1. What are the pairs with Cβ atoms under 6 angstrom where one residue, in region 291-320, is farther than 24 Å from residue 146 by Cβ and the other, located anywhere, is part of a helix (DSSP H, G or I)? Sequence gap at least six, or different chains.
2. Going by the structure shown, is residue 97 over 14 Å from residue 173 (Cα atoms), free of Cβ contacts under 8 Å to residues at least 40 places away in the same chain and within 16 Å of the chain's Cα centre (by Cα)?
3. Identify the single condition in (1) at pLDDT 95 or above; (2) surrounded by fewer than 21 Cβ atoms within 10 Å (Cβ to Cβ); (3) outside any helix (DSSP H, G or I); (4) in contact with a helix residue (DSSP H, G or I) (Cβ under 7 Å, 6 or more places away or on another chain) that residue 46 does not satisfy, given that it satisfies every other one.
4. Across region 227-247, which residue is nearest to the chain's Cα centre (by Cα) among those that are surrounded by 20 or more Cβ atoms within 10 Å (Cβ to Cβ) and in a helix (DSSP H, G or I)?
5. Filter region 248-258 down to the residues that are over 29 Å from residue 163 (Cβ atoms) and at pLDDT 95 or above, then identify the one that is nearest to the chain's Cα centre (by Cα).
6. Can you find even one residue in region 51-70 that is surrounded by fewer than 21 Cβ atoms within 10 Å (Cβ to Cβ), modelled with pLDDT of 95 or more and not in a helix (DSSP H, G or I)?
7. Within region 169-221, which residues are assigned to a loop (DSSP other than H, G, I, E, B) and modelled with pLDDT of 95 or more?
8. Consider residue 22 carefully, then state whether it is crowded, with 20+ Cβ neighbours inside 10 Å and assigned to a helix (DSSP H, G or I).
């Protein structure tokens, strides 16, 4: 990449909201999700297998709602901050994520992604260097391997993250953020109670739980593959560079068009990290119209599955590697 290129000027025209496109995404994301929810309520009286099938169909639309939530957190979905905050808060209730606190924490992720000296901020996936792993205690190595196991990382941990961890702010967070999460929890509790009064607690759990389990797994996978891939970028603090971290440390996850649409264009993550104020519906256009983005090697769906084998950052080789040859 050539840092001399005026990248700020390149992304500036795309850092604008389009009310028509924004409302179009609201309609084609929220309405199908709510319609499928109603169908699931009906299906409980017919067959729970139908309910689970409908739940699986609803998950991509809830994923799109999370991307809308994500854009609102960056202030990019609408021009109005108030509109972004209202829609973001409501989207957060559907996705079990406290909007204001998540927005604050996610900003830390953008400011530190790929910085070895600032790992663990903004919900990053636990990443160790190869040297750190080799020098760690046996217990730490076991914990790390368990955490990095695909079954734990993409099945168990996501549900715990969305249902439990999102109910609390970090202990070190200020009281403002603890109260923000508390009021978000109260609103979520009110929504859950209201729906449960209509269809019963059992009915609510039978519908909502499988949706959250599937959606959270997809969400964590997308977050993982956006920064944990062969060729990813990690540097020590003094050598860390925002431009390189964005274009080399964020993948261009080139998905089939249907999956690209269902995932809200989040595969253009290299564009998003360079210009987080670009709304998701303009990310493909920004990528296609500018050579600095088209130079980024795409990560295709089949290739991305190999990323599950990656465990640690090898600072000498400057790449993510597995741990198959290293004992506990």
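1. Pairs found: 293/271; 293/287; 296/247; 296/270.
2. Values: over 14 Å from residue 173 (Cα atoms): yes; free of Cβ contacts under 8 Å to residues at least 40 places away in the same chain: no; within 16 Å of the chain's Cα centre (by Cα): yes.
No: the conditions fail for residue 97.
3. The number of the failed condition is (4).
4. 227
5. Within region 248-258, the first condition is being over 29 Å from residue 163 (Cβ atoms), and the residues that meet it are 248-249, 252, 254, 256-257.
Filter once more, keeping what is at pLDDT 95 or above: 252, 254, 256-257.
Values: 252: 14, 254: 16, 256: 19, 257: 19 Å.
Here the answer is 252.
6. No, every residue in region 51-70 fails to be surrounded by fewer than 21 Cβ atoms within 10 Å (Cβ to Cβ), modelled with pLDDT of 95 or more and not in a helix (DSSP H, G or I).
7. Within region 169-221, 200 is the sole residue that qualifies.
8. On the way: crowded, with 20+ Cβ neighbours inside 10 Å: yes; assigned to a helix (DSSP H, G or I): yes.
In short, yes.
The values are calculated or read from the model by the stated rules, or taken from the named source; none is laboratory data. Keep in mind that this is a model prediction, so the values were computed, not measured. Here the Cβ is made from the backbone with ideal geometry for all residues, glycine too, and neighbour counts use every protein chain on show.
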